[in-house]
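The values are calculated or read from the model by the stated rules, or taken from the named source; none is laboratory data. Because the structure is predicted, anything quoted here is derived from the model rather than measured. So basically every Cβ, Gly included, is an ideal-geometry build from the backbone, and we count neighbours across all protein chains shown.
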Amino acid sequence: MGIKDILKEKSKEIVNIASEGATKVFDYPKIKSNQLKDLINLKIREKAIIATKARLVENHKTLDDFTDEDLEIIIADEERKIIDDLKTKSLAVALAALGINFFV
């Protein structure tokens, strides 16, 4: 192996390392965005489970009275309610920031 071959190999390695580093840099926001979405979904899920437990206590029921599918439906309904509430609150805040009265 001559010096030219060694230089070609090393330059290819350097290019590969640089391109991998650049790819990681450009993927960083996407990775963080996905992590944030997962964290938000987890928090919404936790609040939905708490709301579901409260709903069951109000109706004098326990978790054992329902199948897993039924509980999943109830939790999904609570998640939908939480998301709708968040959307409404964000809209009100955005309109307030623009100086538009929401209750007109």
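What is the number of the single condition among (1) assigned to a helix (DSSP H, G or I); (2) over 19 Å from the mean Cα position of the chain (by Cα) that Asp84 does not meet?
(2)
Yes or no: Lys10 at pLDDT 75 or above and assigned to a helix (DSSP H, G or I)?
no
List pairs: first in the stretch 77-92 and over 18 Å from Ala54 (Cβ atoms) and free of Cβ contacts under 8 Å to residues at least 60 places away in the same chain, second part of a helix (DSSP H, G or I) and not β-branched (Val, Ile, Thr), Cβ under 6 Å, 6+ apart or cross-chain?
Close Cβ pairs (under 6 Å, with a partner that is part of a helix (DSSP H, G or I) and not β-branched (Val, Ile, Thr)) do not exist here.
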